[in-house]
Amino acid sequence: MKLIAALASPYSRKVRIVLAEKKIEYEFIIDSPGDPATRVPEYNPLGKIPVLVLDDDTTLFDSRVIVEYLDNASPVSRLIPDDTRARIQVRRWEALADGCTDAANAIVVEKRRAAAQQSSEWITRQQGKVDRALKAMSDELGTRAWCSGDHYNLSDIATGCALGYLDFRLADINWRREYPNLGKLAEKLSKRASFVDTVPPAK
Ligand SMILES: N[C@@H](CCC(=O)N[C@@H](CS)C(=O)NCC(=O)O)C(=O)O
């Protein structure tokens with residue numbers, strides 16, 4: 001299988017971490033939708049990465065569909081629980097963490113526009129989502145070792161990618177000071193090989 005993705009994309013990072021944890025071999029094709037020569041729309045009509053291309057040329061997107069496919073493709077390191085209640089909790093965490101990344105990404109994209117075209121209301125609205133998502137993740141994590149349940153799973157991976165994206169693109173948000181429990185979790189995740197090997201490149 002092939003993964004079409006980019007080194008700086010947090011959703012791609014989530015998928016790459018899942019591939020690594022599950023020890024699934026794949027061909028990594030780097031393609032950024034913002035590149036004028038991008039071929040991403042040939043694989044995903046939405047023009048977004050990541051896209052997983054299976055050996056029979058079936059294309060899978062978005063990252064949430066891809067990670068579910070991958071978790072079922074191999075029994076190694078199950079990352080999404082079978083039990084319905086536990087699974088829904090993990091997927092909810094993923095939605096929260098990915099949603100935090102969506103809002104952070106919207107801020108990054110807006111700030112790249114010419115100053116006169118930027119909307120401060122839009123940035124404030126997205127910042128509110130990031131702030132509330134961070135508080136919700138911190139409150140729900142509490143003093144527990146992992147985000148959902150008592151084992152490392154997809155909820156931790158999604159949260160680690162969301163926090164890593166904030167460090168990468170919006171480093172002025174000092175989430176560690178306000179939410180030390182998220183800092184502790186991020187520190188623990190940052191020691192895993194799957195996280196080390198997928199750190200976004202220097203800007
Ligand atoms: N919900 C999607 C989000 C994917 C996404 O927004 N990817 C960004 C790169 S980080 C992208 O491809 N942006 C290009 C665009 O929106 O045109 C997922 O989880 O895969």
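The values are calculated or read from the model by the stated rules, or taken from the named source; none is laboratory data. Please read all numbers here as calculations on a predicted model, not as lab measurements. Glycine gets a Cβ as well: all are built from the backbone with ideal geometry, and neighbour counts include every protein chain shown. Heavy atoms of the whole protein, side chains included, go into the accessibility calculation; ligands, DNA and RNA do not. Shrake-Rupley method; radii C 1.70, N 1.55, O 1.52, S 1.80 Å.
Taking interchain pairs and intrachain pairs at least six residues apart, which have beta carbon atoms under 6 angstrom, with the first residue in the stretch 4-17 and in contact (Cβ under 8 Å) with a residue 24 or more places away in the chain and closer than 16 Å to Tyr69 by Cα and the second within 8 Å of the ligand (Cβ to nearest atom) and open to solvent by 20 Å² or more (accessible area, probe 1.4 Å)? That search, which allows pairs on different chains as well, returns Ile4/Ile49; Ser12/Ile49.
Of the residues making up the stretch 79-135, those that are among the β-branched types (Val, Ile, Thr), touching a helix residue (DSSP H, G or I) at 6+ places or on another chain (Cβ under 9 Å) and under 19 Å from Tyr11 (Cα atoms) are Ile80, Val90, Thr101, Ile107, Val108, Val130.
Considering Pro45, Pro50, the condition of being over 23 Å from Gln127 (Cα atoms) and open to solvent by 70 Å² or more (accessible area, probe 1.4 Å) is satisfied by Pro45 alone.
Selection of the stretch 145-176 for residues being in contact with a Pro (Cβ under 8 Å, 6 or more places away or on another chain) and within 12 Å of Leu79 (Cβ to Cβ) yields Gly149, Asn153.
Condition check for Leu60 on (1) in contact with a Phe, Trp or Tyr (Cβ under 9 Å, 6 or more places away or on another chain); (2) within 8 Å of the ligand (Cβ to nearest atom); (3) open to solvent by less than 80 Å² (accessible area, probe 1.4 Å); (4) not β-branched (Val, Ile, Thr): one failure, at (2).
If the condition is being surrounded by fewer than 18 Cβ atoms within 10 Å (Cβ to Cβ), hydrophobic (A, V, I, L, M, F, W, C) and at pLDDT 95 or above, then the stretch 174-203 contributes Ala193, Val196, Val199. Apart from one condition, Ala37 fits all of (1) open to solvent by less than 60 Å² (accessible area, probe 1.4 Å); (2) out of contact with any Phe, Trp or Tyr (no Cβ under 8 Å at 6 or more places or on another chain); the exception is (1). Only a single criterion out of (1) assigned by TED's automatic domain parsing to the domain that holds Lys129; (2) charged (D, E, K, R); (3) more than 9 Å from the ligand (Cβ to nearest atom); (4) surrounded by 15 or more Cβ atoms within 10 Å (Cβ to Cβ) is not satisfied by Arg112, namely (4).
To keep it simple, each residue is scored yes or no on (1) within 20 Å of Phe168 (Cβ to Cβ); (2) not in a helix (DSSP H, G or I).
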position: Arg64; (1), (2): no, no
position: Val76; (1), (2): no, yes
position: Leu79; (1), (2): no, yes
position: Arg85; (1), (2): no, no
position: Gln89; (1), (2): no, no
position: Trp93; (1), (2): no, no
position: Asp98; (1), (2): yes, no
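Here the stretch 146-163 is the region considered, the condition is being small (Gly, Ala, Ser) and more than 17 Å from Arg132 (Cα to Cα), and the residue that is most open to solvent (accessible area, probe 1.4 Å) is Gly149.
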